[in-house]
Structure formats: structure tokens, C-alpha cells
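Heads up, the thing below is written out as C-alpha cells.
The values are calculated or read from the model by the stated rules, or taken from the named source; none is laboratory data. Just so we're clear, the structure is a prediction, and the values are computed from it rather than from any experiment. Positions of Cβ are backbone-derived with ideal geometry, glycine not excepted, and every protein chain shown enters the neighbour counts. Areas reflect the complete protein model, heavy atoms only, side chains present, ligands, DNA and RNA absent. Shrake-Rupley method; radii C 1.70, N 1.55, O 1.52, S 1.80 Å.
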Amino acid sequence: MLLAGALAGSALVAAPGTASAAAGAAGPGSAPAAVVPSGPGTELSAASFTQMTVDDAGGRVWIAGDRVYPDGSRDGELIGVLYAGAGPAVASAHMAAPLSGVAVEPDGSKVYAGQSEHVAAYSHFNGSLYPLDPIPAPADDCGRELVHTGGRLFFTSRPAASPGNCADGLGSVGVAATAEGGTAGEVMYTSTRVHLEGGPGGLLVTAPERWSPADDPDLGIYRVTDGVDGSDGNLLEFLGERRFTEDGTREGMDFRDAGFSADGSVLAVADGVRGTVLLDGHNARFLENRYAPLPEGVAPTAVAFSPDGKWFAQGGAASGDEADLTLAFADPSVERQPLRISFDDEAAGRRVVPRGMEFSGDGEQLFVVTSDEENTRFWLHTIQTREALAPSRLVDVTHGPAVAGAPFRVSGRLDLDGPAPTRAPRLTVQRLSDSEVVDLPSVPVAEDGTFVLEDVLPERAGNVQYVLGYAGDEVHSLSEYWLVVDTVEASNTADPGGRQPARGAPAPSPAG
């Protein structure tokens with residue numbers, strides 16, 4: 001509800017939830033997906049975590065939290081870890097504690113961090129941060145959340161006598177002014193702490209924390225309009241709201257995280273009671289959840305869709321070697337087992353923190369923040385999403401006589417694990433001889449995976465190499481094979497009709 005109304009619900013009563021089903025297979029009757037241990041992460045200097053965001057323009061993951069020093073003092077720390085682009089590996093800024101919430105302009109030029117009396121602003125260029133005038137905001141003692149969507153910066157504010165009194169009083173969701181004349185002010189009042197999540201096309205989610213398990217706060221979905229196409233002239237156009245139990249007989253929404261699909265049509269909510277809940281991103285109605293859930297007993301903490309529309313990730317807090325992370329195709333009709341990863345190591349953390357997952361814009365990397373059981377140490381992990389693709393291999397490659405200037409025939413087979421390819425496969429072929437590199441016509445692959453390459457060898461005898469490549473598809477990884485042959489003059493051919501095994505082997509696949 002907008003300025004005239006207040007959101008229902010109030011302070012969160014922490015109660016670990018479980019996913020709604022056991023570790024599921026993507027297809028009926030198939031075996032559960034194997035769980036792989038994570039590698040070591042990069043330990044963060046901060047001793048708290050509040051929010052993260054990905055800056056694709058600047059190639060950084062921005063994280064906001066507080067840093068504690070040996071003498072017990074602390075300050076707020078904004079850090080940006082480089083994953084692409086230019087500049088130092090880590091950009092950082094220090095300010096008064098507590099620091100909570102982070103957002104970034106779409107072009108990466110400005111970064112924002114929430115403080116008690118205002119929102120701090122920095123210009124960013126190649127890893128260097130330069131302080132700007134702070135953005136006015138009502139007092140906040142409970143931890144701000146920030147989100148940039150629809151060309152506007154939104155933030156929460158909630159004054160309290162102490163963090164323990166955050167369940168009382170009235171808070172608000174505010175919007176910052178813009179250089180183009182967009183005015184600042186409160187757009188919504190809340191009777192409890194509220195979480196914000198942005199989405200494509202200016203979508204905005206407000207998700208209140210609940211007073212108690214019996215409380216049933218209402219999640220709201222809005223679109224930023226700047227008053228142009230909103231019927232009532234408000235900055236936010238109301239699209240829909242959802243309470244998770246309508247008859248009062250079950251526990252209300254226990255919000256942990258939310259994320260929109262790439263086209264905004266689906267909103268995934270990590271709920272402490274129900275696991276992952278899917279809502280229509282345009283009207284908040286319930287949708288069927290066809291994704292494999294987190295394993296039984298794993299408390300959900302985070303969800304994320306990749307901006308390229310390909311991937312969906314669910315994070316949680318598991319015990320032992322259960323999976324804390326499930327990475328699957330965003331299209332649930334792809335019957336492919338998800339990748340399941342366990343964080344259970346002193347150098348990796350023990351769980352995915354609430355709201356601790358974001359994808360890079362191209363969907364090729366998933367950034368995950370984990371913590372120890374005490375929630376005092378934090379690690380950043382970068383997961384290559386191609387790890388979730390089904391493997392491919394070029395095998396049984398053989399060739400006929402290699403006579404300089406004569407026709408040459410290569411045969412073999414493309415092995416694809418998992419589901420059938422999404423399109424008829426073709427192989428790319430390059431021939432290397434002396435200093436010459438020739439791109440040959442692509443080679444079709446038959447339904448049984450076999451292929452035949454026919455070529456004419458160079459006139460001059462010597463070493464010739466063929467590079468056979470499969471580019472992969474929506475569900476299969478790429479693979480490559482190097483075939484090395486020594487051609488001979490026709491008069492030196494001992495057995496023109498004989499067949500020879502290939503002198504080559506598959507190159508290491510980037511997909512592992």
C-alpha cells in the first residue's frame with residue numbers, strides 16, 4: 001500500500017524452516033543429484049553482512065557490512081570485489097558503523113550504502129571510490145535496505161531507541177531525488193521492518209517481517225512509474241499483494257529473500273516455513289513450483305534468477321554434508337539434475353547467508369556469500385554456472401591414410417550426457433599446417449552421435465592438425481579434440497587402404 005496506508009506484520013521471530021520436499025530429482029524416478037563440496041572462498045574482512053549487489057558495468061560485487069578491529073572498535077566497510085573490468089582487485093570505503101544496505105547505479109558510476117542518519121554516496125571509477133554529498137534520509141536504527149530499480153534509489157528507514165526495539169514504531173520506504181528532477185520523499189509507511197527487492201522493468205517488492213509465527217504479513221509488488229503512467233499519479237503503481245496463509249490456520253510468511261526472473265514474470269520467495277514459493281511477478285498469485293527443492297532439513301536463506309534467463313539458484317543452511325546450494329536451469333521443463341554444492345569447511349563457511357546470492361549479468365557466474373555457524377566470518381564464492389551443464393565428449397576418433405594432396409577421412413562420435421540436445425549438433429573444424437590456419441565447413445552429427453569429416457590434405461607432406469569443436473547448447477558443455485597426423489608422400493605410403501588410430505586426445509574441457 002502506498003503513502004496513505006501501512007503494511008501489515010511486524011518483527012521477525014527467527015524459526016529455522018525446512019524445504020517443502022526431500023532432495024528431488026529433475027525427472028520422475030531418477031536418482032537424487034550428487035552433492036559436491038565447494039572450494040575455498042575468499043574471506044571477507046567484514047564481521048557482518050547486510051546486503052550485496054552486482055555491478056556489471058564496473059565488474060564488481062559490492063558488499064556492505066561492519067568491520068571489527070582487535071581493540072573492539074568497528075566501522076562500516078563498503079567493499080567491491082573485482083570479477084571483470086579494470087582497477088584494483090578490491091575497492092573499499094570506510095565510514096561510521098553501523099553500515100547496512102548497498103545499491104549501485106546501472107552504469108556503475110555511483111555506489112550507495114546505508115547509514116543511521118543518511119545514505120552515503122560514492123562515485124566509482126576503475127576501483128576508486130570518491131565521496132559525494134550524502135543523500136538525506138530519516139533516521140534508521142534497525143538496518144537500512146537499498147535497491148535501485150526503475151531509475152530510482154529506494155531505501156528503508158526505521159528509528160528505534162535500540163535495535164531491540166525495532167518491532168515498535170513506524171518506519172518508511174523512501175526514494176532519493178534525481179538530477180533530472182525526480183523528487184525525494186516517503187512513498188510508503190510500514191509498521192514493521194520491511195525488505196526490498198528490485199526487478200526488471202522497474203519492479204519493486206516490499207516484504208515485511210512478521211511479528212510472530214501466527215502473524216501473516218502481506219508481500220507487495222509494485223512498478224516504478226514516476227507518476228507518468230500510474231493511474232493515480234503516484235511514483236509506484238500497485239500490481240498485487242500476497243499473504244501466504246489466508247485462513248489463519250498456518251504460519252505466515254517468514255521472509256528470507258526474493259528474486260525476479262529475467263522477464264519479471266516470476267517472483268521466487270525464500271520462505272523459512274515453506275522453502276521456495278513462486279508468485280506471478282505481475283499480480284502476486286501463487287504459481288506451481290516445478291523446481292527441485294533444497295534437501296530435507298535445509299533451512300532456506302536465498303534465491304536468485306540469472307539476468308540472462310538461464311539459471312535459478314536456491315541457497316540454504318544445511319548441517320553436515322547436505323547441499324547448501326542448488327543450481328538448476330530456470331526452465332523447469334529441462335529434465336536435468338541440478339548442481340548441488342555443500343559449504344562445510346573452515347575455508348568455505350557453513351551456510352549461504354540470507355540474501356547472499358547474485359548472478360553476473362551474463363549468467364556465467366554466481367556469487368555466493370557464506371558464513372560460519374556463529375555468523376561472524378564471511379566468505380565470497382564465485383561459481384561458474386557452466387559447472388551445471390551436462391558433459392560432452394568427442395570419442396572414438398580415427399582416420400584413414402594421411403597422404404599429402406589426397407582425400408582424407410576422419411570419423412568419430414559425440415557423446416552427450418543428460419538430456420537430448422536442444423538442436424541438431426554440428427562440429428566446427430580447423431586445419432593447421434605450417435603457419436596456415438583454415439576454417440573448414442562444419443560437420444553434422446547423426447542421431448546416434450557419429451560424424452564423418454572429409455577433407456583434402458595439403459600438397460606438402462608434414463605435420464597437420466585438426467581441431468574438432470562442439471560449442472555446446474543450452475544444456476551441454478563445450479568440448480574440443482585435437483587430431484595430429486603426419487602426412488606422407490604418395491610413393492611412401494605402405495598401406496593406402498589401411499586405417500590408423502588418431503594421434504590425439506580430447507583437450508581439457510572448460511566445463512570440467
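Here are a few things to note about the model shown:
- Theoretical gain in end-to-end length, Ala89 to Arg386 [0.36 nm per residue, Cα-Cα removed]: 104.6 nm
- Debye log10 I(q)/I(0) at q = 0.23, 0.30 Å⁻¹ for the range 318-377, Cα point scatterers: -1.00, -1.27
- The chain, relative contact order in percent, only Cα pairs under 8 angstrom and at least six apart counted: 12
- Mean separation of Cα contacts under 8 Å, 6 or more apart, over the residue count of the range 123-196: relative contact order %: 24
- Total formal charge among the other residues, if their Cβ is under 15 angstrom from that of Ser45, Lys/Arg +1 and Asp/Glu -1: -2
- The range 206-350 - convex hull of the alpha-carbon atoms, volume per residue in Å³: 146
- Charge dipole of the range 295-373 (Cα centre as origin; +1 on each Lys and Arg Cβ, -1 on each Asp and Glu Cβ, all else neutral): 240 debye, rounded to the nearest 20.
- Taking 0.36 nm per residue of separation and subtracting the Cα-Cα distance, full extension of the segment from Arg377 to Asp345 would add 10.3 nm.
- Amide hydrogen neighbours beyond the local backbone of Leu453, cut-off 5 Å, H modeled: Val410, Ser411
- Under Karplus coefficients 6.51, -1.76 and 1.60, residue-wise ³J(HN,Hα) of the range 100-105 in Hz, glycine/proline x: 8, x, 8, 8, 9, 5
- Counting 0.36 nm for each residue step from Asp362 to Ser128 and taking away their Cα separation leaves a gain of 81.8 nm.
- For the chain, the Kirkwood radius over C-alpha pairs fed into Stokes-Einstein at 4 °C and 1.567 mPa s yields D = 51 µm² per second.
- Exposure rule at most 14 other beta-carbon atoms within 10 Å, DSSP loop trypsin sites (Lys or Arg not before Pro): the chain longest free segment: 1-249
- Here the spin labels are modelled as points 7 Å beyond Cα on the Cα-Cβ line, and at Ser491 and Glu436 they lie 2.2 nm apart.
- Summary value for the range 67-216: 14 percent relative contact order, contacts being C-alpha pairs under 8 angstrom separated by 6+ residues.
- Probing with 1.4 Å while keeping every protein chain in the model, the per residue accessible area of the chain equals 43 Å².
- Each peptide among 35-41, 175-181 gets the average number of other Cβ atoms lying within 10 Å of its residues, and from highest to lowest they stand as 35-41, 175-181.
- Rounded, prolate or oblate (a/c below 1.5 giving rounded, otherwise prolate when a/b exceeds b/c) for the range 105-238 by Cα gyration tensor: oblate
- With N as its number of residues, the range 360-468 has a Cα radius of gyration that, divided by 2.2 N^0.38 Å, comes to 1.63.
- Beta bridges from DSSP with both residues in the chain: antiparallel share about 95 percent, rounded to the nearest 5.
- At the residue level, Tyr130 shows approximately 120 square angstrom of accessible surface with a 1.4 angstrom probe and all protein chains present.
- 3J(HN,Hα) couplings calculated from phi for the range 67-75 with the Karplus curve 6.51 cos²θ - 1.76 cosθ + 1.60 (θ = phi - 60°) are, in sequence order, 10, 10, 9, x, 7, x, 6, 8, 9 Hz; Gly and Pro show x.
- Listed residues Thr450, Thr326 arranged by accessible area, highest first, probe 1.4 Å: Thr450, Thr326
- For Gly272, net neighbour charge (Lys/Arg +1, Asp/Glu -1) across residues whose Cβ lies under 11 Å away: -2
- Cβ-based charge dipole, the chain, positive-most Cα from Pro458, Val224, Leu327: Pro458
- Between Val273 and Asp254, the built amide H atoms are under 5 Å apart, and every one of these is 5 or more places off in sequence or on another chain.
- Probe 1.4 Å - accessible area at Thr183, Å² to nearest ten: 100
- Per-pair calculated FRET efficiency, R0 = 25 Å: Glu186 and Thr245 via Cβ, rounded to 0.05: 0.30
- A DSSP coil position with no more than 14 other Cβ atoms inside 10 Å describes the following GluC sites (Glu not before Pro) in the range 372-452: Glu373, Glu374, Glu447.
- Surface share of carbon and sulfur [accessible, 1.4 angstrom probe, percent] for the chain: 51
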